[in-house]
Amino acid sequence: MSELKVGDLAPNFELPNLNNETVKLSDFRDNKNVILSFHPLAWTGVCAVQMQNLNEASESLNALDTVALGINVDALPAKTAWFAALELDDLTALSDFEPKGEVAKKYGIYREEGFSERAVFVVDKLGVIIFKKIYPIGDQPDLKEIMAVLQ
């Protein structure tokens, strides 16, 4: 698969949320913009801040007809415990665990170490990628930059 770029149709996927309900990217088509916020691993400081920032921005995102999805390769039990510990109630978490990293691979950001890059894709209501950025593993995504794309 060639590398995804801005202007490409975002690959559809199905992943379980923390209630083990299937969430499809296509569920948001014609209704919501979607932030796909890939983070390497639960229980790590940089990833925690990344998810907390999105959680805190939920009202602003709602005002922009946008939903944020926090995606990584951790299994549902680990991700559920982590989100509960961080009190992340306004953010949808998805587990790309089984088969491991399948969605990260579709998006071209799966690392051979067994987890995804830290990356953000913004998908518009038509399913088109309007923003893509891969961050150094220790850096935070710039939420102001992401919000500017949505405004």
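The values are calculated or read from the model by the stated rules, or taken from the named source; none is laboratory data. Owing to the predicted nature of the structure, the values given are computational and were not obtained by experimental measurement. FYI the Cβ positions are ideal-geometry reconstructions off the backbone, even for glycines, and counts take in every protein chain you see.
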Quick one: is residue 6 in contact with a Gly (Cβ under 8 Å, 6 or more places away or on another chain) and at pLDDT 95 or above?
no
If the requirement is being β-branched (Val, Ile, Thr) and assigned to a helix (DSSP H, G or I), which of these qualifies: 34, 23, 49, 6?
49
Six or more apart or on different chains, Cβ under 8 Å: which pairs go from a residue in segment 40-52 that's at negative phi to one that's among the hydroxyl-bearing types (Ser, Thr, Tyr)? Could you list them?
40/116; 50/37; 51/37
For strands (runs of 3 or more DSSP E) lying entirely in segment 56-151, having 2 or more residues that are hydroxyl-bearing (Ser, Thr, Tyr) and either surrounded by 16 or more Cβ atoms within 10 Å (Cβ to Cβ) or touching a residue at least 24 places away in the same chain (Cβ under 8 Å) (or both) picks out 92-95
I need the full set of residues from segment 17-55 which are buried (at least 19 other Cβ atoms within 10 Å of the Cβ) and hydroxyl-bearing (Ser, Thr, Tyr), in order please.
37
Go through segment 9-20 residue by residue and tally those that are assigned to a strand (DSSP E or B), in contact (Cβ under 8 Å) with a residue 24 or more places away in the chain and of a type outside the set (A, V, I, L, M).
2
For the structure I just gave you, tell me whether residue 121 is modelled with pLDDT of 95 or more and more than 15 Å from residue 34 (Cα to Cα).
no
